[in-house]
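Student: The structure that follows is given in the form of structure tokens.
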Amino acid sequence: MPDRMPVDGPYRIYVDALPTGATIDVSHYLATVLLNLAHAAEEDGEGLLSELVDIAELARSAAHQGRDSHAAHQRDVQVAELLAEVADDGRIPVYGAQVMRLADRLRSIAAPKAAPTQRDAA
């Protein structure tokens, strides 16, 4: 079985094949984001909750008004600000040889597979 963890740091990334593509597991990174949110809540829980409620209200309003509405743009700004605060702008760094391992793993999953023939199946 190929290495399902082509990236081991700073955040582990796992890649598994699906019949129609791949899954990219970034749960290690997401756990770090949740921990950062927990620390932000510990520092200013009321402020963080207020910010999250405001984002939810803007998202609900944007759903009714459309993606080019003022609410959608304001939601996107506030989400980007929160991402900058707790998630390094939502970017997962991949360094050195890990870039090639990730690319190779995805390439191997995406490579066409030979379908078994009737003769092979018998």
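The values are calculated or read from the model by the stated rules, or taken from the named source; none is laboratory data. Predicted, not measured: the structure shown is a model, and the values here were computed from it. Cβ atoms come from the backbone with ideal geometry, glycine included; neighbour counts cover every protein chain shown.
Student: Determine, yes or no, whether residue 105 is under 19 Å from the mean Cα position of the chain (by Cα), surrounded by 12 or more Cβ atoms within 10 Å (Cβ to Cβ), at pLDDT 95 or above and in the same structural domain as residue 13 (by TED's automatic domain parsing).
Tutor: yes
Student: Does residue 13 qualify as being surrounded by 13 or more Cβ atoms within 10 Å (Cβ to Cβ), among the β-branched types (Val, Ile, Thr) and not in a helix (DSSP H, G or I)?
Tutor: Considered against the rule, which asks whether it is surrounded by 13 or more Cβ atoms within 10 Å (Cβ to Cβ), among the β-branched types (Val, Ile, Thr) and not in a helix (DSSP H, G or I), residue 13 comes out as yes.
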